[in-house]
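> Quick one: structure below, then a few questions.
The values are calculated or read from the model by the stated rules, or taken from the named source; none is laboratory data. All values reported here derive from a predicted model rather than from experimental measurement. So basically every Cβ, Gly included, is an ideal-geometry build from the backbone, and we count neighbours across all protein chains shown. We work out accessible area using only protein heavy atoms, side chains counted, and drop any ligands, DNA or RNA first. Shrake-Rupley method; radii C 1.70, N 1.55, O 1.52, S 1.80 Å.
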Amino acid sequence: MENNEKSNNDNSKEQKKSNVLKIILTLILIIICIACIVFIYYQNINKENKVDEKELAYTELITSINEGKIEKITMTTGSSTIKVVLKGEGEEKDREKTVIVPSVQAFTELIQEKVDKDGIKIDLKQEPTNPLLRIADTLFSLLPTILLVALMLMLFKMQGLGGDSGKVYGGEDGSKKTDVKFDDIAGLDEEKGELIEIVDFLKKPKAYLDMGAKIPRGILLYGKPGTGKTLIAKAIAGEAGVPFISMSGSEFIEMFAGLGASRVRKLFEKAKKMSPCIIFIDEIDAIGSRRTSNSGSETENNQTLNQLLVEMDGFETNETVIVLAATNRPEMLDKALLRPGRFDRQITIPAPDLNGREAILKLHSKNKKFAKDVDFKSIAGDTAGFTGAELANVLNEAAIIATRSKHNEIQNVDIENAVKKITVGLEKTNRVVSDKDKKLTAYHEAGHAVVSKFLPTQTDVKEVSIIPRGLAGGYTMYKTNEDKYYVSKTELLEKMVSLMGGRAAEKIALNEISTGASNDIEVATGIARDMLTVYGMDDKLGPISLKVDDPYELQIFGEKVIDEVGNQIQILIDNAYITAQKILSDNMDILDKVAARLLEKEKITSEEFEEFFK
Ligand code: ATP
C-alpha cells in the first residue's frame, strides 16, 4: 500500500511539475510575441518619424521645387521614396536628400511643368528585384502571425500530442516498476485466480501463441470505487514483471478537438513498443460511454472511443499488450467495447465479505502498533459494505485518533471511533444544543431503536447517541453481523418501519414533527420506489422493471402504471409510519425510559439498551 501511495504522490508531483513548466513556457512565448509586436511597431513608428539630415519632408520638397532649388529628381518604379539633389556647390552626393511622397502619380503630374520650366533633371530607374530581399520583407511583416501560430501549436502539443500518453511504471526509460504483488491484495481470491492466467500469458506469450491460443485483448474490471481495481491491475504487471502504462479516462478528454483520439493512438503506440506490457485505463466510462449522434463535445468523445476501438482491433498477434480497464458504471459503456476481441472478459470486483474485510484490515495493520484488545474479526463484522480503501482509511484514522488521544498503541475504542467518524461524521462535543432540541433528538433516536427492537428482520442496536456527529443531531447504530447478497421484501418493509420510528416518536411523545427526519424519509421513499420500479415487488404491478435511462421512456408503460407507482409508494410509506406509531404507542413506557436515559447519559450502549426489555 505504501508503495502505491508513494507512486501516487510521485505522479501528482510530476503532474504539478509539468503543469508549472507548461505555464512558464506559455508565459515565455507570450512575452516573446508581445516583444516582437512592440519591436515591429516601434520600428515602423521610427521609420515614419525619423527625419535625419539626409531626409526632406514632402512639404519642404514642394517649397524647394517652387523656389527653384531642385537640380535633379531620381524616381524608382514601384517605390514612393525618391531622391532629390539640391542646387548648390560641392559634391552631388552631399546635396542628395530622400523624400517619401504620398502619391507618386500626383507628384509626377505636379512636377511635369516644372521640369520643362526650371530645367529639373528627372532620372527614372527600374527597381532591382532581389527575390531574397522580397521574401525576407514578407516574412518580417508576417512575423507576429507566425509567432502566434507557433504559440498555438506549442500549446496544442503540450496539451497532449506530445507528452501525456500514460504514466509508465517499469519502462525502458528507467521508470520504477510496479512492485505490487497478488500478496498485497487481501481477499478477492476468486478474482486473483481468474487473473493468474493473464500473468502467465504475459510471462510466456510464445508458449500460448505456438499453441494457437489468442491472447485476450481487454479485461474490464467492474466495481465500486476503492474495491481495489487499480491495485489488481498493478499486481498483474508486478507478478508478470512487465511495464504498466496507466492513464485515466478523464485524461483523454480535452478542449481541443481530436486530441483525445490522438492520445489513444500515442498510448497504444507506446505500449506496442514496450510489448509485453499492460495498459490500464481507469474510469473508462469517461470515454467509453455510449456513442451519440450529437455534435460538439460528444462528437469529440465519439472520436476518442472510435480510436480506442480501432486500436484494440489493430493489435498484431505477436503484440502482447493487454488492456485492463476499470469502471464503476458498467451500464454506461458502449456495447461495441464489450464485443469479442475488445473487452471480452469482464470481472466484477465486489466489496469484500466478512473474511475479506478481516484480511484487508490485517494487511493494512502492518507497520502500525495495536493493543492486545483489538479484534479484527469484530471490526470486520461492524464494517459490512466497506471497501478496501475505506478499511485502509479506518485504520489510518484510528492511528490518528490514537495519537491525538495520547495512547501508546491503537486501541479498539480508537478503531470504533474511526468507523463512526467515517460513517456518521466527526463527534461535535462542543456544539451547543438547546434542551428542547436535545429532547426532540432523544425521542427521535429512542424511537428508531425501540421500533427496530420489535422488527424481527432488523439487526440489534449497537449504540444510540444524542451527541451530534457530522450533520446529524444524533444517531442509532445497528450491529452488522451478516454479509447478505439478497434482501427480502419483509426486510425492506421492516427497514422502512424502522426508519419511520424517529418521526413516529416525535409525533407520539411530543405531538410535534421536525426536520430531523428528512434523511430517514428520503431513504424510506427510495426503498419504496426501488421495491416497485427495480425489484418488481408490487402485487398489482407485478415483476416489471421501470428502471429507465430517460424518464421519457416511462411513457411506454402508460399513465396508469405511473399513477400506480405513485399511489403504491404513498401506501408503503403510510403503512410503515402507521406501524411505527403502533409499536411505539404499545411501548410508550420503554420509549420514555430510553429517551430519559439518553437525556441523562447522551449515549447508550447495546447492553444498556437491552436492559429496558428484560
Ligand atoms: P477507483 O475506482 O476509485 O479508482 P479502485 O477500485 O481502483 O478505486 P484502488 O485504487 O485499487 O481502488 O484501491 C485504493 C486503495 O484501497 C488501495 O491502494 C489499497 O490501499 C486499498 N485496497 C483496496 N482493496 C484492497 C484489497 N483487496 N486489499 C488490500 N488493500 C486494498
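> Every residue in segment 372-399 that is more than 15 Å from the ligand (Cβ to nearest atom) and of a type outside the set (A, V, I, L, M, F, W, C), please.
If the condition is that a residue be more than 15 Å from the ligand (Cβ to nearest atom) and of a type outside the set (A, V, I, L, M, F, W, C), then LYS372, ASP373, ASP375, LYS377, SER378, GLY381, ASP382 are the ones that fit.
> Let me ask something additional. Restricted to segment 325-342, and to residues that are within 16 Å of the ligand (Cβ to nearest atom) and not in a helix (DSSP H, G or I), which residue is most open to solvent (accessible area, probe 1.4 Å)?
First, pick out the residues of segment 325-342 that are within 16 Å of the ligand (Cβ to nearest atom): 325-333.
From the residues that got through so far, the ones that are not in a helix (DSSP H, G or I) too are 325-329, 333.
Numbers: ALA325: 0, ALA326: 0, THR327: 2, ASN328: 74, ARG329: 99, LEU333: 1 Å².
Across segment 325-342, the extreme among qualifying residues is ARG329.
> Applying the selection to segment 538-567, what residues are open to solvent by 100 Å² or more (accessible area, probe 1.4 Å), within 24 Å of SER488 (Cα to Cα) and not acidic (Asp, Glu)?
Selection gives LYS540, PRO543, LYS547.
> Now for a different question. Which of the residues spanning segment 464-515 are of a type in the set (Ser, Thr, Tyr), farther than 28 Å from MET537 by Cβ and crowded, with 20+ Cβ neighbours inside 10 Å? So that I can check it myself, show each step before the final result.
Narrowing segment 464-515 to residues of a type in the set (Ser, Thr, Tyr): 465, 475-476, 478, 480, 485-486, 488, 490, 498, 514-515.
Add one more test, that the residue is farther than 28 Å from MET537 by Cβ, and what stays is 465, 475, 514-515.
Within segment 464-515, SER465, TYR475 qualify.
> So which residues in segment 202-225 are open to solvent by 30 Å² or more (accessible area, probe 1.4 Å) and either within 16 Å of the ligand (Cβ to nearest atom) or assigned to a strand (DSSP E or B) (or both)? Explain how you work it out, then say what you get.
From segment 202-225, those open to solvent by 30 Å² or more (accessible area, probe 1.4 Å) are 203-204, 206-214, 217, 222, 224-225; that's our starting set.
Hits for segment 202-225 are TYR222, LYS224, PRO225.
> Moving on to the next point. Would it be correct to say that PRO352 is open to solvent by 10 Å² or more (accessible area, probe 1.4 Å) and more than 11 Å from the ligand (Cβ to nearest atom)?
Values: open to solvent by 10 Å² or more (accessible area, probe 1.4 Å): yes; more than 11 Å from the ligand (Cβ to nearest atom): no.
In short, no.
> Quick one: which residue in ILE583, ILE571, ILE578 is over 17 Å from GLY502 (Cβ atoms) and not in a loop (DSSP other than H, G, I, E, B)?
Checking each option against the conditions leaves just ILE571.
> For segment 446-469, check the following and say yes or no: at least one residue is among the polar types (S, T, N, Q), closer than 20 Å to GLU607 by Cβ, away from the ligand (no atom under 16 Å from the Cβ) and in contact with a strand residue (DSSP E or B) (Cβ under 6 Å, 6 or more places away or on another chain).
To start, the set of residues in segment 446-469 that are among the polar types (S, T, N, Q) comprises 452, 457-459, 465.
Filter once more, keeping what is closer than 20 Å to GLU607 by Cβ: 452, 458-459, 465.
Add one more test, that the residue is away from the ligand (no atom under 16 Å from the Cβ), and what stays is 452, 458-459, 465.
With the extra rule that they be in contact with a strand residue (DSSP E or B) (Cβ under 6 Å, 6 or more places away or on another chain), the set shrinks to 459, 465.
Taking every residue of segment 446-469 in turn, at least one turns out to be among the polar types (S, T, N, Q), closer than 20 Å to GLU607 by Cβ, away from the ligand (no atom under 16 Å from the Cβ) and in contact with a strand residue (DSSP E or B) (Cβ under 6 Å, 6 or more places away or on another chain).
> Considering only segment 361-385, how many residues are of a type in the set (A, V, I, L, M, F, W, C) and either open to solvent by 20 Å² or more (accessible area, probe 1.4 Å) or in the same structural domain as ILE219 (by TED's automatic domain parsing) (or both)?
So in segment 361-385, the residues of a type in the set (A, V, I, L, M, F, W, C) come out as 361, 363, 370-371, 374, 376, 379-380, 384.
Add one more test, that the residue is either open to solvent by 20 Å² or more (accessible area, probe 1.4 Å) or in the same structural domain as ILE219 (by TED's automatic domain parsing) (or both), and what stays is 363, 370, 374, 376, 384.
Qualifying residue count, segment 361-385: 5.
> Which pairs turn up if I take residues in segment 75-88 that are assigned by TED's automatic domain parsing to the domain that holds ASP118 and in contact (Cβ under 8 Å) with a residue 12 or more places away in the chain and look for partners that are open to solvent by 60 Å² or more (accessible area, probe 1.4 Å) and not in a strand (DSSP E or B) with beta carbon separation below 6 Å, at least 6 apart in sequence or on another chain?
Every condition considered, the pairs that remain are THR76/GLU127; THR77/GLN126; THR77/GLU127; GLY78/GLU127; SER79/GLU127; VAL85/GLU92; LEU86/LYS69; LYS87/LYS69.
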